[in-house]
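Novice: Quick one: the structure is below, and I'll ask about it shortly.
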Amino acid sequence: MTTNVPVIDVHAEAHGSGSTHYLNCSKGFWSWAGTLDHKRIGLMYLIGTGVAFLAGGLFALLVRLHLWQPDGLLFKDNVQYNQIFTLHGAFMVFLFVIPAIPGSLGNMVLPLMLGAKDVALPRLNLLSFYLWVTGAVLAALAIILGGFDTGWTFYAPYSLYTDQAVVTIGLAVFVLGFSSIFTGLNFIVTVHKLRAPGLTWFRMPLFVWALYATSILQVLATPVLGITVLLVAFERLYHIGIFDPRLGGDPVLFEHFFWFYSHPAVYIMVLPAFGIISELVSVHSRKPLFGYKLIAFSSLAIAIISFLVWGHHMFTSGQSTYAMFAFSFLTFFVAIPTAIKEFSWVATVWKGSIALNAPMLYTLAFLIIFAIGGLTGVILGSLNVDIHLHDTYFVVAHFHYVMMGSIALAFFAGLHHWWPKMFGVMYDETMAKIACGLIFVGFNATFIPQFIMGSRGMPRRYATYVPEYQPYHMASTIGAMILGVGVAVMVFCFVASLFQRKKAMQNQWGGVTLDWLTPTPPPLENFAEAPTVTNEVYDYSTLDYKAMQTPVR
Amino acid sequence: MSHDGHHSVVIPAPGPEFVPHTVAHHFDTPVQEFQAAKLGFWLFLATEILLFGGLFAAYFYFHESYPETFRLGGRQLDWKLGALNTTVLLISSWTMAMGVRSAQTSQKQKTLMYCALTVLGAAIFMVVKFFEYKAKNEHGLIVFSELFHPYDGATGSIPWFKDYHGVMAGVPHGHLFFAIYLTMTAIHGLHVVIGAGLILWVMKGAAKGRFHAGYFLPVDLVGLYWHLVDLIWIFLFPLLYLVP
């Protein structure tokens with residue numbers, strides 16, 4: 001079953017065409033703007049979503065600064081506050097968390113892991129990216145047109161009545177939705193049709209499995225969001241009356257439509273993060289994954305269950321009591337495959353040869369933070385407790401533990417992990433570790449106070465609050481500043497590495513999946529010759545230590 | 001983006017009036033390319049069905065909430081015109097299928113003819129739809145010139161719903177049926193127009209001889225799209241025109 005021969009000889013390329021790779025094979029604006037190469041598209045996604053993340057983070061810092069004192073510090077009125085936190089939510093969700101991992105790391109790594117030359121539909125891939133750009137431009141346009149203050153959820157009837165640029169941002173979300181759909185569609189086809197010979201389904205790396213499950217959700221859930229925001233736009237333009245109670249409509253119908261997408265969307269966001277963590281715990285512990293098949297199937301299980309739980313966002317919206325029982329009960333089911341993953345990761349690390357480098361530190365931070373984020377989700381899923389906690393900072397803290405603490409940290413972990421692969425350069429490990437420490441401390445300092453004040457009744461979305469909550473808000477704001485400094489150090493560390501050009505190794509971490517068995521950075525068509533897979537996945541007995549000590553050319 | 005040193009697979013043309021097809025560089029075989037595109041397109045069709053699914057869900061929800069409104073509203077539609085359009089689309093689906101078949105058997109002229117007939121069907125459908133909308137406009141059930149006028153919360157009247165003959169008097173929210181009718185049929189109509197545009201694009205390629213027994217993928221996919229457009233109408237027709 002296993003052999004000791006690497007699938008691809010990384011040194012073969014060295015004797016051939018020299019150091020031509022995807023970054024330097026062609027030059028000029030159009031060689032990037034019109035590229036069909038998945039790696040270049042992935043890089044453009046990385047830059048785009050990275051900028052969106054920094055903008056969204058800046059909005060968050062402004063919100064936290066405003067909440068420093070009970071009557072507000074920064075904004076002139078409540079509308080401005082509402083606009084800024086809406087911008088934070090909308091940018092982070094639609095422009096960063098949903099597209100970031102599939103768009104950047106997914107695009108970059110998926111075809112490499114499959115031993116393919118590209119994704120199955122390269123032109124559609126470029127279209128996805130330009131739809132993302134169009135969505136971002138529309139979102140910027142909506143800000144210029146006066147902003148939007150509905151929250152990222154666009155709840156009716158407020159989104160129907162407010163005098164702000166809801167139609168424009170609705171259009172942006174519609175376009176971004178199709179960007180996401182086309183990425184998902186592309187990945188499904190790629191996984192089905194472009195696997196290298198010998199790469200059976202159960203030899204696929206778990207990042208591929210996770211992206212596959214994500215893609216199913218993107219294709220099956222996003223169209224419903226598309227029609228929902230379209231209907232909100234139509235409602236504003238010609239008053240259909242579907243969501244507007246004055247015209248016979250039902251705002252709760254909007255919530256059903258919205259969460260039918262947006263709950264699965266939570267797993268569109270988190271499943272790729274799970275995939276990254278699965279790769280990293282294995283590579284940096286140099287141990288085959290514990291429970292490989294269980295992790296693979298739990299991704300699919302989460303994808304399926306996620307379609308059946310949307311009502312848990314609406315326990316206080318007026319649903320039938322029986323529906324609420326069912327939704328609450330089904331919500332607990334999500335915890336089972338999720339816990340299977342968490343325990344499998346911990347079991348993978350156990351007695352491994354653990355390398356405490358920056359990607360692994362982020363991974364360990366993820367394991368801690370995600371345990372808290374997941375368990376507080378179970379608390380919120382229970383019907384009676386949720387009635388008390390609904391629309392409080394407890395909810396805010398919970399989903400930030402998942403979205404920021406888990407997903408963004410997993411993204412950072414993956415970025416550190418594949419950075420040497422993408423650029424052939426190494427970042428400064430010490431600085432990266434300091435950034436990781438700042439982010440971990442800052443993140444917890446921001447959101448633990450929010451758990452506490454939420455459980456004591458501090459409602460979310462308010463621009464002002466009663467003075468009793470001030471100590472928690474001040475602690476949270478200080479935490480956010482530390483978090484902001486941490487992110488700034490991380491970004492600086494990455495950018496500096498591109499100028500310092502400290503060479504990475506051909507196989508920096510000792511990975512044995514196909515992405516590490518092609519030269520670094522990968523040539524335009526990924527592999528010097530089409531690979532054939534003969535090994536089981538994560539079989540470290542095949543690791544070629546020479547590639548770990550050979551710098552890139 | 002081809003790369004030097006990598007050979008590409010070429011499907012030869014079956015005759016002088018056709019051109020060969022070069023398989024995209026990242027596929028190993030023509031079959032792989034065909035299957036990948038087809039799988040992707042079926043997934044895309046699934047997203048279309050889900051998009052319309054939201055509209056159908058809204059239809060059923062409000063049909064349940066205001067059955068009288070939907071009963072009276074449906075009577076205002078001309079089922080004969082609806083049936084005519086259904087027939088036109090069904091026939092056009094047949095001509096499209098024949099167009100795909102002709103491409104598969106390398107019959108260039110027949111491909112062009114059947115595609116042209118399909119576009120003709122699309123045109124007839126849109127003309128009939130135009131006269132249906134015109135009638136609604138005349139009866140004040142959908143006043144298109146005032147469609148985007150602002151809603152006056154004080155009077156509670158919707159600018160585009162005048163109901164000159166009072167046909168919807170006495171039922172709650174009479175505009176709702178027509179709003180849903182307009183939204184569903186307009187989005188469907190947009191798909192008809194896009195479909196016709198795609199068929200014209202296929203005809204352009206067919207005229208150049210791009211499609212033959214060895215390569216007919218775009219014809220096949222556009223055909224699938226056209227059948228979906230037809231299929232959605234097959235559900236819209238009874239729900240809007242007949243169920244009431």
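Novice: Whether any residue in region B:147-157 is surrounded by fewer than 21 Cβ atoms within 10 Å (Cβ to Cβ) and under 25 Å from the mean Cα position of the chain (by Cα) is what I want to check.
Specialist: Yes, the conditions are met somewhere in region B:147-157.
Novice: Kindly indicate whether A:VAL266 is farther than 14 Å from A:LYS341 by Cα, in a helix (DSSP H, G or I) and more than 14 Å from chain B (Cβ to nearest Cβ).
Specialist: On the way: farther than 14 Å from A:LYS341 by Cα: yes; in a helix (DSSP H, G or I): yes; more than 14 Å from chain B (Cβ to nearest Cβ): yes.
Spelling it out, A:VAL266 is indeed farther than 14 Å from A:LYS341 by Cα, in a helix (DSSP H, G or I) and more than 14 Å from chain B (Cβ to nearest Cβ).
Novice: Which of the numbered conditions does B:MET203 fail, given that it passes all the others? Conditions: (1) out of contact with any Cys (no Cβ under 8 Å at 6 or more places or on another chain); (2) at pLDDT 95 or above.
Specialist: Unmet for B:MET203, out of (1) out of contact with any Cys (no Cβ under 8 Å at 6 or more places or on another chain); (2) at pLDDT 95 or above: (1).
Novice: Right, next: Of all residues in region A:128-170, how many are in a loop (DSSP other than H, G, I, E, B), farther than 20 Å from A:VAL63 by Cα and not hydroxyl-bearing (Ser, Thr, Tyr)? Let's see the steps before the verdict.
Specialist: Going through region A:128-170, the residues in a loop (DSSP other than H, G, I, E, B) turn out to be A:145-157, A:162-165.
Within this subset, residues satisfying the condition of being farther than 20 Å from A:VAL63 by Cα are A:145, A:155-157, A:162-163, A:165.
Those left that are additionally not hydroxyl-bearing (Ser, Thr, Tyr): A:145, A:156-157, A:163, A:165.
Count: 5.
Novice: If I filter region A:544-552 for residues that are within 18 Å of A:MET426 (Cα to Cα) and in contact with a Phe, Trp or Tyr (Cβ under 7 Å, 6 or more places away or on another chain), do I get at least one hit?
Specialist: No, that holds for no residue.
Listed here are the residues, each with its yes/no results for (1) within 29 Å of A:LYS341 (Cα to Cα); (2) within 14 Å of chain B (Cβ to nearest Cβ); (3) polar (S, T, N, Q); (4) touching a helix residue (DSSP H, G or I) at 6+ places or on another chain (Cβ under 6 Å).
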site: A:ASP163; (1), (2), (3), (4): no, yes, no, no
site: A:VAL189; (1), (2), (3), (4): yes, yes, no, yes
site: A:MET204; (1), (2), (3), (4): yes, no, no, no
site: A:ALA210; (1), (2), (3), (4): yes, no, no, yes
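Novice: Okay, moving on. What are the pairs, 6+ residues apart or on separate chains, where a residue within region B:186-197 that is in contact (Cβ under 8 Å) with a residue 12 or more places away in the chain has its Cβ under 9 Å from a residue that is outside any helix (DSSP H, G or I)?
Specialist: none
Novice: For A:PHE182, indicate whether it is within 11 Å of another protein chain (Cβ to nearest Cβ), within 20 Å of A:LEU127 (Cβ to Cβ), surrounded by fewer than 24 Cβ atoms within 10 Å (Cβ to Cβ) and within 18 Å of the chain's Cα centre (by Cα). Please lay out each step first, then the result.
Specialist: Details: within 11 Å of another protein chain (Cβ to nearest Cβ): yes; within 20 Å of A:LEU127 (Cβ to Cβ): yes; surrounded by fewer than 24 Cβ atoms within 10 Å (Cβ to Cβ): no; within 18 Å of the chain's Cα centre (by Cα): yes.
In short, no.
Novice: Pick out, from region A:357-459, the helices (runs of 4 or more DSSP H) lying fully within it that include 2 or more residues that are touching a residue at least 60 places away in the same chain (Cβ under 8 Å) and in contact with a His (Cβ under 6 Å, 6 or more places away or on another chain).
Specialist: On the way: elements: A:358-381, A:383-389, A:393-402, A:409-423, A:429-455.
Qualifying helices (runs of 4 or more DSSP H): A:358-381.
Novice: Going by the structure shown, is A:LEU46 surrounded by 16 or more Cβ atoms within 10 Å (Cβ to Cβ), at pLDDT 95 or above, within 16 Å of A:ARG460 (Cα to Cα) and touching a Ser or Thr at 6+ places or on another chain (Cβ under 7 Å)? If you could, list the steps in order and put the result at the bottom.
Specialist: On the way: surrounded by 16 or more Cβ atoms within 10 Å (Cβ to Cβ): yes; at pLDDT 95 or above: yes; within 16 Å of A:ARG460 (Cα to Cα): no; touching a Ser or Thr at 6+ places or on another chain (Cβ under 7 Å): yes.
Considered against the rule, which asks whether it is surrounded by 16 or more Cβ atoms within 10 Å (Cβ to Cβ), at pLDDT 95 or above, within 16 Å of A:ARG460 (Cα to Cα) and touching a Ser or Thr at 6+ places or on another chain (Cβ under 7 Å), A:LEU46 comes out as no.
Novice: Hey, another quick one. Filter region B:168-221 down to the residues that are crowded, with 17+ Cβ neighbours inside 10 Å and aromatic (Phe, Trp, Tyr), then identify the one that is nearest to B:PHE56 (Cα to Cα).
Specialist: Restricting to residues being crowded, with 17+ Cβ neighbours inside 10 Å and aromatic (Phe, Trp, Tyr), the top hit is B:TYR181.
Novice: Okay, next question. Do you know which of the residues in region A:128-157 that are within 14 Å of another protein chain (Cβ to nearest Cβ) and farther than 30 Å from A:ILE188 by Cα is surrounded by the fewest Cβ atoms within 10 Å (Cβ to Cβ)?
Specialist: Step one: of region A:128-157, the residues within 14 Å of another protein chain (Cβ to nearest Cβ) are A:128, A:131, A:156-157.
Filter once more, so that each one left must be farther than 30 Å from A:ILE188 by Cα: A:156-157.
Details: A:ALA156: 26, A:PRO157: 17.
If we take residues in region A:128-157 being within 14 Å of another protein chain (Cβ to nearest Cβ) and farther than 30 Å from A:ILE188 by Cα, then A:PRO157 is surrounded by the fewest Cβ atoms within 10 Å (Cβ to Cβ).
Novice: Taking region A:108-127 only, how many residues are within 14 Å of chain B (Cβ to nearest Cβ) and either among the polar types (S, T, N, Q) or assigned to a helix (DSSP H, G or I) (or both)? Outline the logic, then answer.
Specialist: In the first step, residues of region A:108-127 are kept if they are within 14 Å of chain B (Cβ to nearest Cβ); the result is A:110-112, A:114-127.
Cutting the leftovers down to either among the polar types (S, T, N, Q) or assigned to a helix (DSSP H, G or I) (or both) gives us A:110-112, A:114, A:122-127.
Total meeting the criteria: 10.
Novice: What is the number of the single condition among (1) crowded, with 19+ Cβ neighbours inside 10 Å; (2) under 19 Å from B:TRP233 (Cβ atoms); (3) of a type in the set (Gly, Ala, Ser) that B:ALA103 does not meet?
Specialist: Exception for B:ALA103: condition (2).
Novice: Identify, from the list A:VAL232, A:VAL252, A:VAL173, A:VAL191, the residue that is within 24 Å of B:PRO159 (Cβ to Cβ) and among the aliphatic types (A, V, I, L, M). Lay out the reasoning, then the answer.
Specialist: Details: A:VAL252 fails: within 24 Å of B:PRO159 (Cβ to Cβ); A:VAL173 fails: within 24 Å of B:PRO159 (Cβ to Cβ); A:VAL191 fails: within 24 Å of B:PRO159 (Cβ to Cβ).
Every option except A:VAL232 fails the conditions.
Novice: Are there any pairs with C-beta distances below 6 angstrom linking a residue in region A:32-47 that is farther than 13 Å from A:LEU110 by Cα and at the interface with another protein chain (Cβ under 9 Å from one of its Cβ atoms) to a residue that is of a type in the set (Asp, Glu) and crowded, with 20+ Cβ neighbours inside 10 Å, with the two at least 6 apart or on different chains, and if so which?
Specialist: none
Novice: Now for a separate question. Output yes when any residue across region A:220-238 is assigned to a helix (DSSP H, G or I), within 9 Å of chain B (Cβ to nearest Cβ) and within 17 Å of the chain's Cα centre (by Cα), and no when none is.
Specialist: Looking through region A:220-238, at least one residue is assigned to a helix (DSSP H, G or I), within 9 Å of chain B (Cβ to nearest Cβ) and within 17 Å of the chain's Cα centre (by Cα).
Novice: In addition: Here is a check on your reading of the model: is A:LEU95 within 14 Å of chain B (Cβ to nearest Cβ), in contact with a helix residue (DSSP H, G or I) (Cβ under 9 Å, 6 or more places away or on another chain) and in contact (Cβ under 8 Å) with a residue 40 or more places away in the chain?
Specialist: Details: within 14 Å of chain B (Cβ to nearest Cβ): no; in contact with a helix residue (DSSP H, G or I) (Cβ under 9 Å, 6 or more places away or on another chain): yes; in contact (Cβ under 8 Å) with a residue 40 or more places away in the chain: yes.
No: the conditions fail for A:LEU95.
Novice: Identify all residues within region B:36-92 that are surrounded by fewer than 16 Cβ atoms within 10 Å (Cβ to Cβ), free of Cβ contacts under 8 Å to residues at least 40 places away in the same chain, more than 14 Å from chain A (Cβ to nearest Cβ) and not hydroxyl-bearing (Ser, Thr, Tyr); write none if there are none.
Specialist: B:LYS80
Novice: Then there is this: Spot the failing condition for B:ALA123; the list is (1) touching a residue at least 60 places away in the same chain (Cβ under 8 Å); (2) part of a helix (DSSP H, G or I); (3) out of contact with any Asp or Glu (no Cβ under 7 Å at 6 or more places or on another chain); (4) surrounded by 16 or more Cβ atoms within 10 Å (Cβ to Cβ), and only one is missed.
Specialist: So B:ALA123 meets the others, but not (4).
Novice: Oh, and also: It is to be established whether one or more residues within region A:538-551 are part of a loop (DSSP other than H, G, I, E, B) and in contact with a strand residue (DSSP E or B) (Cβ under 9 Å, 6 or more places away or on another chain). Reasoning before the result, please.
Specialist: Pass one, region A:538-551, residues part of a loop (DSSP other than H, G, I, E, B): A:538-539, A:543-544, A:550.
From the residues that got through so far, the ones that are in contact with a strand residue (DSSP E or B) (Cβ under 9 Å, 6 or more places away or on another chain) too are A:550.
Yes, that holds for at least one residue.
Novice: For the structure I just gave you, tell me whether B:GLY140 is surrounded by 18 or more Cβ atoms within 10 Å (Cβ to Cβ) and not basic (Lys, Arg). I'd like the intermediate steps shown before the answer.
Specialist: On the way: surrounded by 18 or more Cβ atoms within 10 Å (Cβ to Cβ): no; not basic (Lys, Arg): yes.
Judged against the criteria, B:GLY140 is not a match.
Novice: Of the numbered conditions (1) surrounded by 15 or more Cβ atoms within 10 Å (Cβ to Cβ); (2) in a loop (DSSP other than H, G, I, E, B), A:THR532 fails exactly one; give the number of that condition.
Specialist: (1)
Novice: What number of residues in region A:239-249 are more than 7 Å from every other protein chain (Cβ to nearest Cβ), assigned to a loop (DSSP other than H, G, I, E, B) and in contact with a helix residue (DSSP H, G or I) (Cβ under 7 Å, 6 or more places away or on another chain)?
Specialist: Total satisfying the criteria: 2.
Novice: Right, something else. With B:THR86, B:THR118, B:THR95, B:THR111 as the choices, which residue is farther than 27 Å from B:GLU17 by Cα, part of a helix (DSSP H, G or I) and modelled with pLDDT of 95 or more? If you could, list the steps in order and put the result at the bottom.
Specialist: Details: B:THR118 fails: farther than 27 Å from B:GLU17 by Cα; B:THR95 fails: farther than 27 Å from B:GLU17 by Cα; B:THR111 fails: farther than 27 Å from B:GLU17 by Cα.
Going through B:THR86, B:THR118, B:THR95, B:THR111 in turn, just one is farther than 27 Å from B:GLU17 by Cα, part of a helix (DSSP H, G or I) and modelled with pLDDT of 95 or more: B:THR86.
Novice: Of everything in region A:472-526, what is outside any loop (DSSP other than H, G, I, E, B), in contact with an Asp or Glu (Cβ under 8 Å, 6 or more places away or on another chain) and surrounded by 17 or more Cβ atoms within 10 Å (Cβ to Cβ)? Give them in sequence order.
Specialist: The initial filter retains those residues of region A:472-526 that are outside any loop (DSSP other than H, G, I, E, B), namely A:472-500, A:503, A:505, A:514-516.
Filter once more, keeping what is in contact with an Asp or Glu (Cβ under 8 Å, 6 or more places away or on another chain): A:493, A:496-497, A:500.
Within region A:472-526, A:CYS493, A:SER497 meet the criteria.
The values are calculated or read from the model by the stated rules, or taken from the named source; none is laboratory data. As the structure is a prediction and not an experimental result, all values here were calculated from the model. Because the Cβ atoms are built from the backbone with ideal geometry, glycine has one as well, and the counts that use them run over all protein chains shown.
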